Each structure stands twice: as C-alpha cells, then as structure tokens.
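Novice: Dropping the structure in here first, questions after.
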Amino acid sequence: MIVLGIETSCDETSVAIIEQKKTNDFGHVLAENTLSQIKKHSKFGGIVPELASREHENTLNLLTKKTIKEAKINLKKIDAFAATTGPGLLGGLLIGSNYAKTLSLVNNKPFISVNHLQGHILVSRMKKKINFPFLSLLLSGGHTQLLVAKDYNKYEIIGETLDDALGEAFDKTAKSLDYGYPGGPIIEKLASEEKSSNFFKLPKPLINSKNLDFSFSGLKTSIRRITEKPLNKSLKSKLANEFQECVTDILLTKSEKAIKMIKKKMKLNTFVLAGGVASNKFIREKFSSLCNKYSIEFFVPEKKLCVDNAIMIAWAGIERLNKYKKSDSFDKHPKPRWSLENL
C-alpha cells in the first residue's frame, strides 16, 4: 500500500509518500518534502493566516510534483491520497484537502480525511510496534492533552489545558524575552546556558489539583510581569531555564497521576509523547525517567516527526485503509476545531 499525504494545517506545506509493504508492517518513507514558512511569519511574532494560505497555494503543486519524482513512482501507483482536514487554520485546510480530493478524483483512488492530532499520535506506530491501548501526552502549539489511545480512531481525553497550550506558552515566553518565533527551540537553547534554582519563583498552576487538566495562562502572565523590567542575558537564561523546569514539573506530575489512574483500570505498557514540544530534549529525558520508574515503555518520535509533517498524515491514512478499504466522502469539509473524541 502506498499513500500520499498532505499537511497544510498551519505554517508548513508538507507532502510525503509512505509505503507499507504488508499489513502490520512498518512504514517506509519513499519521499518527503516540507517547506517551512517560519522566516516569513517570524517578523510578525506568530502565524498570519492569510499569508500562510497564500504560501500553501503557491507551493503545494510544485512540492507534490517534486515528491512524486523523488519517490520514483508513477502517480497511478499511489493507492490513496490523505490530507489534514482539521484542526487548524481553515484556509490552509481547504487548500490541502481540496488538492488531495482532486488527485483522488482524477486517479479514481480513495481520499482519506485525517485529524492532525491523530497523525501526531499514530506516527509513533510507523516505526515501532505499539499496541493499543496506550497513554499519550500531546504537546503542540495549539493543544495540550493527556489521552488514552484505544484504537487508531478511538481516543479518550482524560486531561487538557483549560486555557493556553504549552507550545503557545513557549512562544509567548520567548517573545517576552525579546526573542523570535517559534519559541520552543529558543527557550530550550537559552535554558541550557544557565541554571536556576527557583530564582524567580514561578507559579505552577493546577499542579496540586486532583484532576488531570493544565493551565498555563497564569504562568505566562507571571513571566510577562517579570520581563517588564529589563533583564540581562544571564537573567534571561535563568528565566528560560526556570520556565522549562516549571512546565516540565507540571507535565510530569499530571502524567504520573494519569499513569497511576490508568494502571488501576487496565494494563498499561506504553507511554507516547507527541507533538512539536515533544522535540524538547530536556522534557524527553524527564519523561523517559518517569516511565522507567513505572516499568512502562516510553516512546517519542524523532524530532522531525514531532513537528508538523506529511509523513504522519500519510501513515494515518494507511492505518485507516488497513481498517476500512473505502474513501471518505468528497463532501467532508475541513474542521478548524475537531476533537479526537469525535472522529
């Protein structure tokens, strides 16, 4: 089975072709190309939806042709075309999904509608045998969720952010420190340059609450107040380090509660860390230690598969086709807001 995937939900235009030689086999990347728009948006301090849509429209066709050429296959050999149809920015979702639908119609092949968050979670199964159910923490620019993956299309959200996503908190913290976008890599680098021992005494919202929900708006406000006064480079690094340690402590505390809760209900063998923030080395190492403590296998995709990419969309399409050998309706419209619990 060969599936072409398209990802245009935010500021990356990405196309990938994945092959699965037999059912239950791992996925093989035949070709993949991603065009980042970071440089175009960084001067605005965040994503400009209209600009993102225009870039997707200008580059998607050329990127697709390039990917097919690099895969060294005929378009007719592709078994299905998958595209992100939500959640995300409506303009980008429309461009990517309509392009995939057109390829499906012209080639008389199935069109697969993929939830972006589902792609983040399932991509771990492309290179590793991970059986359902498993516990996952999804950390991205727009989402922070603790969930139980029961099947490729069945998820139970057991905790989520009540306000800002962690990726957004990283971005806003970097901006408060007068650095650019995206904030994740910037904060991680700054944090490695200077240690901090609770110098700023940052708050840890909801860390002691009985539920599994998160909140980062109060932490973000605290950082904004601290940075109202000029900070030298050393203090900026201390603040970045303390922020990183603070949010990691919150994530670990909530995840440990989730592990204990799930273990009482079912056998838990695997914990998957997913999403763009999962590329943070400090966070990855801390979660590896947590899972060792509870004798649970820990898995996180390689860095390039944590950020938005079409590989995960193509692989989610393969997982779908392995269950249901039919196309999604061409009348299925993109959903800027699309919960994993409503697939």
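Read-outs: derived from the displayed coordinates by stated rules, not from any lab. In this text, all values refer to a predicted model and were calculated from it rather than measured experimentally. Cβ sites come from the backbone with ideal geometry, for glycine too, and all protein chains shown count toward neighbours.
Novice: With the crude spin-label approximation of a point 7 Å out along Cα→Cβ, what separation in nm comes out for K189 versus L75?
Specialist: Modelled inter-label distance: 4.0 nm.
Novice: Say each of K39 and N208 gets a label point 7 Å from the Cα, pointing the same way as Cα to Cβ; how far apart are those two points in nm?
Specialist: Distance between label points: 5.0 nm.
Novice: Using only Cα atoms, find the angle between the long axis of helix 166-176 and the longest principal axis of the chain, and express it within 0 to 90 degrees, rounded to the nearest 10.
Specialist: So the inclination is approximately 60 degrees.
Novice: Identify all aspartates and glutamates with a Cα-Cα distance to K220 below 18 Å; exclude those on the same chain that are fewer than 8 residues away in sequence.
Specialist: Partners within reach: E160, D163, D164, E168, D171, D178, E188, E228, E242, E245, D249.
Novice: Let me ask something else. Calculate, in nm to one decimal, what E256 and S329 gain on full extension: separation in residues at 0.36 nm each, minus their alpha carbon distance. Don't skip to the end; give the middle numbers.
Specialist: Values: separation 73, 0.36 × 73 = 26.28 nm, distance 4.05 nm.
Result: 22.2 nm gained on full extension.
Novice: If you keep only loop residues by DSSP, which trypsin sites (Lys or Arg not before Pro) in the stretch 1-104 have at most 14 other Cβ atoms within 10 Å of their Cβ? Walk me through the numbers on the way to the answer.
Specialist: On the way: sites: K21, K22, K39, K40, K43, R54, K65, K66, K69, K72, K76, K77, K101; in loops: K21, K22, K43, K72.
Here the trypsin sites (Lys or Arg not before Pro) that fit, given the DSSP loop and packing criteria, are K21, K22, K43, K72.
Novice: Here's a follow-up. Could I have the simple spin-label model distance between K201 and N322, label points 7 Å from Cα toward Cβ, reported in nm to one decimal?
Specialist: 5.3 nm
Novice: Using only helices, what value at 222 nm comes out for the chain when you add -39,500 (n - 2.57) per DSSP H run of length 4 or more and divide by the total residues, to the nearest 500 deg cm²/dmol? Don't jump to the answer; show the numbers that get you there.
Specialist: Numbers: 11 runs with 147 residues, N = 343.
When only DSSP H runs of four or more count, the value is -13500 deg cm²/dmol.
Novice: Could you tell me how many degrees, from 0 to 90 and to the nearest 10, lie between the Cα long axis of helix 233-265 and the main elongation axis, the longest principal axis, of the Cα atoms of the chain?
Specialist: 70 degrees
Novice: For T270, T173, which order do you get if you count the other beta carbons within 10 Å of each Cβ and list the fewest first?
Specialist: Values: T270 20, T173 26.
Ascending Cβ contact count within 10 Å gives the list T270, T173.
Novice: Over all directions, average the projected area of the Cα convex hull of the chain and note it in nm². Could the numbers behind the result be given before it?
Specialist: Numbers: hull surface 67.4 nm².
Over every viewing direction, the Cα hull of the chain projects on average to 16.9 nm².
Novice: For the stretch 197-343, what is the charge dipole size about the Cα centre, in debye to the nearest 20, if Lys and Arg each add +1 at the Cβ and Asp and Glu each add -1 at the Cβ? Could you put the intermediate results ahead of the total?
Specialist: Numbers: 30 positive and 14 negative charges, 60 e Å.
Value, rounded to 20: 300 debye.
Novice: Can I ask one more? Order of H116, H41, H56 from fewest to most other C-beta atoms within 10 Å?
Specialist: Details: H116 25, H41 20, H56 29.
Fewest-to-most Cβ neighbours within 10 Å comes out as H41, H116, H56.
Novice: Nearest 0.05, what FRET efficiency do D178 and N292 give at R0 = 41 Å with Cβ-Cβ as r?
Specialist: Working: r = 38 Å, r/R0 = 0.93.
E between D178 and N292, to the nearest 0.05, is 0.60.
Novice: Only residues of the stretch 238-273 count here: report those whose backbone N is under 17 Å from the spot 7 Å along Cα→Cβ of E341, or say none.
Specialist: Only 258, 262 fall inside the zone, counting backbone N under 17 Å.
Novice: Straight-line reach only, C-alpha to C-alpha below 15 angstrom: list the aspartates and glutamates that K22 could link to, leaving out same-chain residues fewer than 8 apart.
Specialist: D79, E319
Novice: Quick one: helix 49-71 against the long Cα principal axis of the chain, what's the angle to the nearest 10°, folded into 0 to 90?
Specialist: Long axis of 49-71 versus the principal axis of the chain: about 50 degrees.
Novice: Over 19 Å apart: what share of the alpha carbon pairs of the stretch 203-286 falls there, rounded to a whole percent?
Specialist: On the way: 1744 of 3486 pairs.
Across the stretch 203-286, Cα pairs with separations above 19 Å total 50 percent.
Novice: Under 17 Å from the 7 Å Cα→Cβ point of L105, by amide nitrogen: which residues of the stretch 68-82?
Specialist: 81-82
Novice: Going down the list K76/K303; K66/K109; K195/K229; K21/K129; K66/K325; K129/K210, which pairs span over 23 Å between their C-alpha atoms? Don't skip to the answer; put the middle values down first.
Specialist: Numbers: K76/K303 32 Å; K66/K109 20 Å; K195/K229 20 Å; K21/K129 15 Å; K66/K325 28 Å; K129/K210 33 Å.
Going by Cα-Cα distance, K76/K303; K66/K325; K129/K210 fall outside the 23 Å limit.
Novice: Which order do M266, M261 fall in if you start with the one that has the fewest other Cβ atoms within 10 Å?
Specialist: On the way: M266 11, M261 16.
Listed from fewest to most nearby Cβ atoms, that is M266, M261.
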